[in-house]
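Student: My questions all concern the structure below.
The values are calculated or read from the model by the stated rules, or taken from the named source; none is laboratory data. The model shown is predicted, which means the values in this text are computed figures rather than measured ones. Cβ coordinates were reconstructed from backbone atoms using ideal geometry, including for glycine residues, and neighbour counts include every protein chain displayed. Side chains included, ligands, DNA and RNA excluded: accessible areas come from the protein's heavy atoms. Shrake-Rupley method; radii C 1.70, N 1.55, O 1.52, S 1.80 Å.
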Amino acid sequence: MLDQLIEITLLGTERKNLDISLFPEEIRKILEESGEKNMESLLLEAMVLSTFYLDAGINTKEFTGKTEDNIITEVDAIAPQRLLDLFDPLLEFKNPLKTALLQNWLDVLINNNYIVDAELIIKLIQLGKNLSAEIRNQISKVIGNKGRNILSLVPEFAAESVISDEQIWQEGDLNERKILFANLLEDKPDDALKMLSSTWQQEAIIAKKAFLSLIQSNPNHVFLSFVSNLYQVEFAYKAKEKKTEIECRKILSEILLQFPESRLHKETLSGLSNYIIGTKKKRLLGIIGDAMQCEIILPETEVDKFWNKNNMLEIYGIETQNYDIAKFHNIIQYWFSCFLEVLPINKLTTYLNLTKVNFLNELFQNKAFIIKSGAEQKPVFLDAILQNIKLLKDNLLAKLVANSAPFQVSVNILKYMTKEDFEGYVFENKYFLNMEVLQNYPFDSENENWSLRFSKYILSSLFDSIQNVSTNIPYNFGGEIAIFLHPDVISDLQKFYSKAINEPFRNVWMEVVHEPLIKTLAIKIELTNYKKVIK
């Protein structure tokens, strides 16, 4: 049998035909019944059958390798079944609601030191392969030791490796170290300073600039002494400097300008006070009393020891040429905008005995500070003030600018308002159907829901609008606001259901609002109950 197969394989079926009479009866019978006429196909079938025939009855080979006898055990407790049962229902929603609920569910598990049962491990791993790295890392924390052992067989999951901060800092690439440093700045600034100080002398200049930029974007008093020393020694002005060294001095000066106790901050306020003054002008319409006004008188050219190229370069590391002439009338305005980006405006106006309203009115209404671009006119210093709001998270400044600036400018700073001011802004402008506005609610780190008062207002306004058939309600609006609504608004939702049950707009209310919200709020309430017992 085997000799025939080898010979035909070497010669080819054209030169030698297969003789099925030479095969054992079991194989010959199958080949005859197959009715296969093509000689090549018949040969392949015979070879397969012969292989199975020869292997039949042979005992399994003894394993001689090393066995893995480590038993994987779990330390954390499996989550209560009621909490695990929320997983399948939340997957029924569409994104981004599904993603938001999934993350909330995972957070509850993580914060309570729970893991999922065996049934959910594979489901979560399969789901996580197509989700963000942040969610995959959450999943890796709740699938327990057994689940993490499986991850080694799923390379596309690529959960974040569990290695120490010290190892990342010593062995990671620059991007990995920047991520670690940024996280420490947010949660453990003392550890961030200790880690950076330990390797500062060995860092490349590019890495130093990157870490200083992170400090500049998230300033902390812990770094004040460290930054002051770098500013005065390592990055002090020298006759011959590299571009990156100048850039580092600029970053250091920007950090110091944010701290009123720094010498540079005080000297800068003193220098600016010569060009920003408060003047008393009589009130209009004969009202008794004087009103303080602000006047900013900037020179158009370098005229003194403060507004000159050497001072800007040596003290502040500010570029002295190649500024954007489309945004500024002259280089002095460019330099002034650099200060406005980082100086705390409340400290500046207090030092000058002015109010923020006085100051902003002068910045935005003085014709000398208006730039024309085609038919449009824009305040020269608007971008600098917007940057200041984002950097220093100045609530009052955000409110003042948002209430006076065009919508497309205001919408980018709403998240920096207080909750009360934001809600007032929405009430006054009737933005209760504008998701571009509503998603910028100033959430805090511990609560990603709207306030109960605001949630009630949105729901009530939405109900009133649906009664007005001329109002265009986006079909997915209910799903979008479900992410943010306070769970306790569910009682109001039930009341509106009762009101809508016999109305012509019943179907719209049910499909657009009630059905997506009732399911979502039930899950959010359940998750909130578990958050209250976080260990």
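Per-residue answers, yes or no, for (1) touching a residue at least 60 places away in the same chain (Cβ under 8 Å); (2) of a type outside the set (Ser, Thr, Tyr):
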position: Leu298; (1), (2): yes, yes
position: Gln321; (1), (2): no, yes
position: Asn330; (1), (2): no, yes
position: Tyr334; (1), (2): no, no
position: Ser337; (1), (2): no, no
position: Asn346; (1), (2): no, yes
position: Val357; (1), (2): no, yes
position: Phe369; (1), (2): yes, yes
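Student: Quick check on the stretch 518-526. Is at least one of its residues over 24 Å from Leu83 (Cα atoms) and either open to solvent by less than 30 Å² (accessible area, probe 1.4 Å) or at pLDDT 90 or above (or both)?
Tutor: Taking every residue of the stretch 518-526 in turn, none turns out to be over 24 Å from Leu83 (Cα atoms) and either open to solvent by less than 30 Å² (accessible area, probe 1.4 Å) or at pLDDT 90 or above (or both).
So that you can scan it fast, the table gives a plain yes or no per residue for (1) farther than 28 Å from Ile215 by Cα; (2) of a type in the set (Gly, Ala, Ser):
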position	(1), (2)
Glu362	yes, no
Asp394	no, no
Leu400	no, no
Ala405	yes, yes
Thr418	no, no
Lys430	yes, no
Asn440	no, no
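Student: Filter the stretch 250-264 down to the residues that are in a helix (DSSP H, G or I) and more than 9 Å from Gly317 (Cβ to Cβ) and list them by number.
Tutor: If the condition is that a residue be in a helix (DSSP H, G or I) and more than 9 Å from Gly317 (Cβ to Cβ), then Ile255, Leu256, Leu257, Arg263, Leu264 are the ones that fit.
Student: Farther than 30 Å from Phe336 by Cα, out of contact with any Lys or Arg (no Cβ under 7 Å at 6 or more places or on another chain) and among the aliphatic types (A, V, I, L, M): does that describe Ile389?
Tutor: Criteria not met by Ile389.
Student: For the stretch 158-236, which helices (runs of 4 or more DSSP H) that fit wholly inside it have 3 or more residues that are among the hydroxyl-bearing types (Ser, Thr, Tyr)?
Tutor: Answer list for the stretch 158-236: 189-199, 224-232.
Student: Continuing with this model, one more query. In the stretch 494-515, what residues are open to solvent by less than 30 Å² (accessible area, probe 1.4 Å) and within 31 Å of the chain's Cα centre (by Cα)?
Tutor: Val512, Val513, His514
Student: For the subset of the stretch 304-359 comprising residues that are polar (S, T, N, Q), out of contact with any strand residue (DSSP E or B) (no Cβ under 6 Å at 6 or more places or on another chain) and not in a loop (DSSP other than H, G, I, E, B), which member is nearest to Ile385 (Cα to Cα)?
Tutor: Here the answer is Ser337.
Student: While we're on this one: Residues in the stretch 374-386: is at least one assigned to a loop (DSSP other than H, G, I, E, B), in contact with a helix residue (DSSP H, G or I) (Cβ under 7 Å, 6 or more places away or on another chain), surrounded by fewer than 18 Cβ atoms within 10 Å (Cβ to Cβ) and not hydroxyl-bearing (Ser, Thr, Tyr)?
Tutor: No, every residue in the stretch 374-386 fails to be assigned to a loop (DSSP other than H, G, I, E, B), in contact with a helix residue (DSSP H, G or I) (Cβ under 7 Å, 6 or more places away or on another chain), surrounded by fewer than 18 Cβ atoms within 10 Å (Cβ to Cβ) and not hydroxyl-bearing (Ser, Thr, Tyr).
Student: List, please: which pairs have Cβ atoms under 7 Å, are six or more places apart or on different chains, and start with a residue in the stretch 1-29 that is of a type in the set (Phe, Trp, Tyr) and end with one that is surrounded by 11 or more Cβ atoms within 10 Å (Cβ to Cβ) and in a helix (DSSP H, G or I)?
Tutor: Final answer for the pair search is Phe23/Leu31; Phe23/Ala46.
Student: Assuming Tyr475 fulfils every condition listed in (1) among the aromatic types (Phe, Trp, Tyr); (2) assigned to a helix (DSSP H, G or I); (3) open to solvent by 40 Å² or more (accessible area, probe 1.4 Å) apart from one, which condition is it?
Tutor: For Tyr475, the failing item is (2).
Student: Restricting the stretch 481-493 to residues that are of a type in the set (Val, Ile, Thr) and open to solvent by less than 20 Å² (accessible area, probe 1.4 Å), which is nearest to Leu83 (Cα to Cα)?
Tutor: If we take residues in the stretch 481-493 being of a type in the set (Val, Ile, Thr) and open to solvent by less than 20 Å² (accessible area, probe 1.4 Å), then Val489 is nearest to Leu83 (Cα to Cα).
Student: List, please: which pairs have Cβ atoms under 6 Å, are six or more places apart or on different chains, and start with a residue in the stretch 206-223 that is over 18 Å from Lys188 (Cβ atoms) and end with one that is of a type in the set (Ser, Thr, Tyr) and surrounded by fewer than 17 Cβ atoms within 10 Å (Cβ to Cβ)?
Tutor: Lys209/Thr244
Student: Among the residues that make up the stretch 336-348, is at least one of them open to solvent by 30 Å² or more (accessible area, probe 1.4 Å) and either out of contact with any helix residue (DSSP H, G or I) (no Cβ under 8 Å at 6 or more places or on another chain) or among the hydroxyl-bearing types (Ser, Thr, Tyr) (or both)?
Tutor: no
Student: Hey, another quick one. From the list Ile8, Ile30, which residue is over 41 Å from the mean Cα position of the chain (by Cα) and either in a loop (DSSP other than H, G, I, E, B) or surrounded by 16 or more Cβ atoms within 10 Å (Cβ to Cβ) (or both)?
Tutor: Exactly one residue qualifies, and that residue is Ile8.
Student: So is Leu252 open to solvent by less than 30 Å² (accessible area, probe 1.4 Å) and in contact with a Ser or Thr (Cβ under 7 Å, 6 or more places away or on another chain) or not?
Tutor: no
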